[in-house]
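Below is one structure, written out as structure tokens; comments come after it.
The values are calculated or read from the model by the stated rules, or taken from the named source; none is laboratory data. Keep in mind that this is a model prediction, so the values were computed, not measured. Here the Cβ positions follow ideal geometry from the backbone for every residue, glycine too, while neighbour counts run over all protein chains shown. Only protein heavy atoms, including side chains, enter the accessible area calculation; ligands, DNA and RNA are left aside. Shrake-Rupley method; radii C 1.70, N 1.55, O 1.52, S 1.80 Å.
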Amino acid sequence: PLMRKNNVLVTISQLCNDKVSCGVTVSPDVFGFDPYPGCNKQLDIEYRCFSYDRPRIASGTQSERVSIDCSQVEFP
């Protein structure tokens with residue numbers, strides 16, 4: 001199947017950038033489009049709490065809430 005890398009980057013950035021924590025439900029309703037109607041959805045978000053931090057991954061499938069949380073990360 002065709003993979004669309006970063007096809008939700010703008011939406012995730014608008015919802016989560018500059019926040020300590022953020023949650024996004026894996027649903028076409030959240031993103032305003034469904035590139036593959038009828039197929040199960042998977043959302044993988046790679047993020048960093050700080051610009052120099054190691055990459056972290058948050059994942060979820062259809063109807064799950066994917067959470068990004070930097071509240072417990074200490075500033076070095």
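Consider the stretch 8-51. How many of its residues are within 20 Å of Ser71 (Cβ to Cβ), assigned to a loop (DSSP other than H, G, I, E, B) and among the hydroxyl-bearing types (Ser, Thr, Tyr)?
1
Might you check whether a residue that is of a type in the set (Val, Ile, Thr), modelled with pLDDT of 85 or more and in contact with a Cys (Cβ under 9 Å, 6 or more places away or on another chain) occurs anywhere in the stretch 37-46?
Taking every residue of the stretch 37-46 in turn, at least one turns out to be of a type in the set (Val, Ile, Thr), modelled with pLDDT of 85 or more and in contact with a Cys (Cβ under 9 Å, 6 or more places away or on another chain).
List the pairs whose first member sits in the stretch 60-76 and is surrounded by 12 or more Cβ atoms within 10 Å (Cβ to Cβ) and small (Gly, Ala, Ser), whose second member is at pLDDT below 95 and assigned to a loop (DSSP other than H, G, I, E, B), and whose Cβ atoms are under 7 Å apart, counting only residues at least 6 apart or on separate chains?
Matching pairs, first to second residue: Gly60/Val26.
If you take the residues in the stretch 36-59 that are open to solvent by 80 Å² or more (accessible area, probe 1.4 Å), over 9 Å from the mean Cα position of the chain (by Cα) and free of Cβ contacts under 8 Å to residues at least 24 places away in the same chain, which one is farthest from Leu9 (Cα to Cα)?
Gly38
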